[in-house]
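Asker: Below is the structure I would like to discuss, written out as structure tokens.
The values are calculated or read from the model by the stated rules, or taken from the named source; none is laboratory data. Computed from a prediction, not measured in an experiment: that's the story for all the values here. For neighbour counting, all protein chains shown are included, and Cβ atoms are generated from backbone atoms with ideal geometry for every residue, glycine included.
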Amino acid sequence: MTPRGGGTNVSGGSIPILGGVVLCLSKMNAIRKIDKENMLATVEAGVVLQDLTVQLAKKGLFFPPDPQNFFGATIGGMIAENAGGPACLKYGVTKHHVFAMEVVLPTGEVAQLLHIMMSKVMDEIFQSAVTLGGVISGEHGIGLEKQKFFTKTVDPAVLTMMKKVKTLLDPNNIMNPGKIWSDAVTGP
């Protein structure tokens, strides 16, 4: 059995080259839920990209992949083909925007694949970063473990100025809360 989306691809993805039955999913076209808070949409495989785009726009959201046939491409077909379009250069292809799928396997078994709720994931990432004492990356900080070496590598007056600037820009310490410079490191 070969599933078929909108049939708009140019790769022949829905042609059963080994024979068999083509299962057209175009009638599975319900947009079941749009969750603005978590930036998630629950849709059936036959939802046409144009229809999803219209509904997402009403909530100030969008689905970035934009294949050539915007008016006929279905979400299921886009997933099968990993559709992109010009916007993929900035936002990535379809696989970068699919967080969970419910699929029927050839055995008839229904499988739930990769369920992620963005707000929960972000909370977990945040808590993990705080638990670890902050994170280290090229653009987001120097890590708490380096604090004891600050005064050996950076002038204490510079550290004090950095702390004052951060306090002015972020008086409630909500940006990078795991990275707290103690007075022992930077001075009063």
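Asker: Name the residue, out of ALA83, ALA41, that is touching a Phe, Trp or Tyr at 6+ places or on another chain (Cβ under 8 Å) and touching a residue at least 12 places away in the same chain (Cβ under 8 Å).
Answerer: Details: ALA83 fails: touching a Phe, Trp or Tyr at 6+ places or on another chain (Cβ under 8 Å).
Exactly one residue qualifies, and that residue is ALA41.
Asker: I'd like the full set of residues that are polar (S, T, N, Q) and either over 22 Å from the mean Cα position of the chain (by Cα) or within 13 Å of GLU81 (Cβ to Cβ) (or both), limited to region 1-46. Quick ask: steps written out before the conclusion?
Answerer: Here is the first cut: in region 1-46, the ones polar (S, T, N, Q) are 2, 8-9, 11, 14, 26, 29, 38, 42.
Within region 1-46, THR2, THR8, ASN9, SER11, SER14, SER26, ASN29 meet the criteria.
Asker: Can you name every residue in region 15-55 that is of a type in the set (Ser, Thr, Tyr) and either loosely packed, with under 15 Cβ neighbours inside 10 Å or at pLDDT 95 or above (or both)? Before the answer, list the steps.
Answerer: Narrowing region 15-55 to residues of a type in the set (Ser, Thr, Tyr): 26, 42, 53.
Result: THR42, THR53.
Asker: What residue, among those in region 163-188 that are surrounded by 14 or more Cβ atoms within 10 Å (Cβ to Cβ) and in a helix (DSSP H, G or I), is modelled with the highest pLDDT?
Answerer: LYS163
Asker: Of the residues THR2, THR53, THR42, THR8, only one is farther than 26 Å from PRO106 by Cα and of a type in the set (Ser, Thr, Tyr); which? It would help to see each step written out before you state the result.
Answerer: On the way: THR2 fails: farther than 26 Å from PRO106 by Cα; THR42 fails: farther than 26 Å from PRO106 by Cα; THR8 fails: farther than 26 Å from PRO106 by Cα.
After applying the criteria, what remains is THR53.
Asker: Pairs please, first residue from region 55-70 and closer than 21 Å to ALA30 by Cβ, second anywhere and among the basic types (Lys, Arg), Cβ atoms under 8 Å, 6+ apart in sequence or on different chains.
Answerer: Close Cβ pairs satisfying both conditions: LYS59/LYS36; LEU61/LYS36.
Asker: Which residue is modelled with the lowest pLDDT, if the candidates are limited to region 71-104 and must be touching an Asp or Glu at 6+ places or on another chain (Cβ under 7 Å) and surrounded by fewer than 16 Cβ atoms within 10 Å (Cβ to Cβ)? Break it down into steps so the answer makes sense when it comes.
Answerer: Initially, region 71-104 is screened for residues touching an Asp or Glu at 6+ places or on another chain (Cβ under 7 Å), giving 85-87.
Then keep just the ones that are surrounded by fewer than 16 Cβ atoms within 10 Å (Cβ to Cβ); that gives 86-87.
Details: PRO86: 91, ALA87: 88.
In this case the residue turns out to be ALA87.
Asker: Evaluate region 4-14: report whether one residue or more is at pLDDT 85 or above, charged (D, E, K, R) and in a loop (DSSP other than H, G, I, E, B).
Answerer: no
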